[in-house]
Every structure is written in structure tokens, then in C-alpha cells.
Amino acid sequence: MMNAVLIDDELNALKSLAWEIETFCNDVTVIGQFSDPLEALKYVEKNTVDIIFLDIEMPGLNGFQFIDLCPAKGLKIIITTAYDQYAIQAIKKRAFDYLLKPIDSDDLKECVEKIKFEINQEKLHVDIEKILLDFTSKTNSNYQRLSFNSESKLFFYNADDILYVKSEGNNSYIYFDKTKKKLINHNLKAVEDKLLNFPFARVHNSFIINLNKLIEFNKSEQYVILDYDVIIPVSRQKKDELINKL
């Protein structure tokens, strides 16, 4: 069973969506309905939520601002709006899907099935990864490979083969040199968590770099140069963290 939170400043839209979910989506339980996105944000931070159905145009805090503030907890965020001009921006954010109002029940069911499939895939990936990590730690504590999910497959790489990682919405690209890359089904926060025990640093909202590949750090211009003359920006917020790691 998946827990869902609904956020919309229109009470009729909230009631309608809650009814559709309860009627057509047996695998989803609506645990919260909010017309105030700030109250919803507090609730999500304290409770186990799998899915958020989120309106865009709301007073005080719009949907995209909510996404920026929402903690990365593997949430599947579904944009619900009457306006299709937000589709591209929704893709650039970490929105899982996009439903136009009035929401069609078939579209809703299809969306929930996709979420269910992805959550099951993520659980399977975690289970397999745990088995592999247990195995490698028992056989050779110095031998560690990282596993990443891409579509329906698992790929394994040595940490030192990774040059940098770039965010791509709810996914990420692993770069091995200037052009060779692999799209993986993990957001940048999930990749960052995987790399905690390796010499990597998150230098920007969109980038993680391999410190073993670092050639130059320009503090004044706020960028780094890696192997293959790859230039990566360093944000002001991450600058001090990077200095402390070097």
C-alpha cells in the first residue's frame, strides 16, 4: 500500500481527486489533504509519504517552490493542473508525472501503476544491492563496486572510473570522460548517498565530482577542472564544503 498526500488550494479539486483515488486506485491510501502547501510541507517532513499529488498555482507557495523545499525522500510527485504550459518545467523538476485537470480516471490509474512498478523496482534494486555488498564485504573488504539502476537493468562500476555525476531531473548521468556517459534511474541525492564512503564531493545542486580526478580549483571564479579538461561550476553554498574536503 502506498501513502498519498493531496495538495490543492481548491477544496472541490481536493475532494474530487480523493474520491477518484479511493474509487480507482486500490493500492493508494490518501493520508493527508491540504489546501495550504506550507502545512503540507510540515506534514510530509514528519510522515511516511510515497506520492504527492500537487497543484501548481497556489497562493503563498506555488507547486514548483514546494518541490524545491520538499526533502528528497524518494517521493513520487505528480503535478495536477489545468494548464499544460507547465509540462516542460515539471520535467525539469523532479516531478514523476503530469496530470491535466479534470483528471481522467484512466490516466490516474496508469500513473499509479507506473509509480507502483518503479517503487517495486527500487525495492528490488535495494535488495540486490544489499546482497552484493554483503558478498563483496565478506570476500574482499578492499573490493567495492557501485551498482546503479538503468531502466530494468543493473550496471556495476568501480568508483574510481567515475569522473563526475550530473543531475537530470529525477535521474542522473554518470560521466566517465568528457563524452562517455550513462543515464541512471537515481536522483543526485541518491547518488550522493551511495558515494558517501568514496572520495566524491557535491559541488553544486547539479554536480558531484570525483576528487581523485581534480586538477584545479579556482576559488575566485568558483569552478573546478577535472581530468579531460572538464569544467564544473562550484556553487557558493558548496564552496566551503569543498575546501574542507581538500
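Is segment 2-120 best put as rounded, prolate or oblate by its Cα gyration tensor, with a ≥ b ≥ c the root eigenvalues, rounded for a/c under 1.5, and otherwise prolate when a/b is larger than b/c, oblate when not? Please report the intermediate quantities before stating the final value.
Working: a/c = 1.21, a/b = 1.13, b/c = 1.07.
Verdict is rounded for segment 2-120.
Taking DSSP loops as anything outside H, G, I, E and B, show the longest stretch in the chain free of trypsin sites (Lys or Arg not before Pro) there with at most 12 other beta carbons within 10 Å. Provide the component values of the computation, followed by the final result.
On the way: sites that count: LYS73, LYS178, LYS180, LYS219.
So the longest stretch without any such site is 74-177.
Please state the relative contact order of the chain as a whole percent: Cα pairs under 8 Å, 6+ residues apart? Please list the in-between numbers first.
Values: 384 pairs, mean separation 25.6, N = 246.
Once normalised by length, the contact order is 10 percent.
What is the set of long-range amide H partners of HIS204 at a cut-off below 5 Å, with H atoms built 1.01 Å from backbone N?
Amide H neighbours of HIS204, under 5 Å, 5+ apart: SER235.
Once the convex hull of the C-alpha atoms of the chain is built, how many Å³ does it hold per residue, rounded to a whole number? Mind dumping the intermediate values first?
Values: hull volume 36.8 nm³, N = 246.
Cα-based convex hull of the chain, divided per residue, equals 150 Å³.
Within the chain, what's the longest run with no GluC sites (Glu not before Pro) in a DSSP loop and at most 13 other beta-carbon atoms within 10 Å? Give the range, please. Intermediate results must be reported in sequence, preceding the final value.
Working: sites that count: GLU57, GLU151, GLU221.
The segment 58-150 is the longest one with no such site.
Based on Cβ point charges of +1 for Lys and Arg and -1 for Asp and Glu, what charge dipole magnitude is obtained for segment 172-246 about its Cα centre, in debye rounded to the nearest 20? Intermediate results must be reported in sequence, preceding the final value.
Details: 13 positive and 9 negative charges, 42 e Å.
Taking the Cα centre of segment 172-246 as origin, the dipole is about 200 debye.
What net charge is computed for the residues neighbouring GLU57, neighbours being all others with C-beta under 10 Å from the C-beta of GLU57, Lys and Arg scored +1, Asp and Glu -1?
On the way: positive: none; negative: ASP8, ASP9, GLU10, ASP55.
Computed value for this residue: -4.
Which is farthest toward the positive dipole end of segment 2-120 among LEU11, TYR83, VAL49, measuring Cα position about the Cα centre, with Cβ charges +1 (Lys, Arg) and -1 (Asp, Glu)?
Highest projection toward the positive end goes to VAL49.
Long-range amide H contacts for ASN185: which residues qualify at under 5 Å (H placed 1.01 Å from N, peptide plane, sequence gap of 5 or more or a different chain)?
Here ASN149, SER150, GLU151 satisfy the definition.
Given H placed on each backbone N at 1.01 Å, which residues far from VAL30 in sequence or on other chains put an amide H within less than 5 Å of it?
The list, which skips near neighbours in sequence, is ALA4.
Please state the charge dipole magnitude for the chain, taken about the Cα centre, from unit charges on C-beta atoms (+1 on K and R, -1 on D and E), reported in debye and rounded to the nearest 20. Each step should come with its number before you reach the end.
Numbers: 31 positive and 38 negative charges, 235 e Å.
Its charge dipole is roughly 1120 debye.
With θ set to phi - 60° and the Karplus curve 6.51 cos²θ - 1.76 cosθ + 1.60, what are the ³J(HN,Hα) couplings of segment 223-234 in order, to the nearest whole Hz, using x for Gly and Pro?
3J(HN,Hα) across segment 223-234, in whole Hz: 8, 10, 10, 9, 3, 6, 6, 7, 9, 10, x, 10.
What does the charge add up to near PHE176, with Lys and Arg as +1, Asp and Glu as -1, over the other residues with Cβ less than 13 Å from its Cβ?
Residues near PHE176 contribute +2 overall.
With both bridge residues required to lie in the chain, what share of the DSSP beta bridges run antiparallel, to the nearest 5%?
Working: 30 of 49 bridges.
Taking every DSSP beta bridge within the chain, about 60 percent pair in antiparallel fashion.
Quick one: length gained pulling GLU113 to ASN218 fully straight, 0.36 nm per residue minus the C-alpha distance? Write down the numbers at each step before the final one.
Numbers: separation 105, 0.36 × 105 = 37.80 nm, distance 4.72 nm.
Once the chain is fully extended between GLU113 and ASN218, it gains 33.1 nm.
List the DSSP H helices in the chain whose Cα atoms stretch 24 Å or more along the helix axis and whose mean Kyte-Doolittle hydropathy is at least 0.5. List each step's numbers first, then the result.
Details: long enough: 105-139 (51 Å, -0.53).
For the chain, where a helix must reach 24 Å along its axis and average at least 0.5, there are no hits.
Suppose the chain between ASN12 and SER235 were pulled fully straight at 0.36 nm per residue; how much longer would it get relative to their current alpha carbon spacing? Write out the running numbers ahead of the final one.
On the way: separation 223, 0.36 × 223 = 80.28 nm, distance 4.21 nm.
Value of the extension gain: 76.1 nm.
Are any of the pairs LYS46/LYS153; LYS194/LYS245; LYS42/LYS239; LYS181/LYS219 more than 25 Å apart by Cα-Cα distance, and if so, which?
Numbers: LYS46/LYS153 33 Å; LYS194/LYS245 17 Å; LYS42/LYS239 29 Å; LYS181/LYS219 27 Å.
In this structure, LYS46/LYS153; LYS42/LYS239; LYS181/LYS219 exceed 25 Å between Cα atoms.
Quick note: the coordinates plus some simple rules give every number you see, no bench work behind them. None of the values given here were measured: they were computed from a predicted structure. Neighbour counts run over all protein chains shown; Cβ positions are idealised from the backbone, glycine included.
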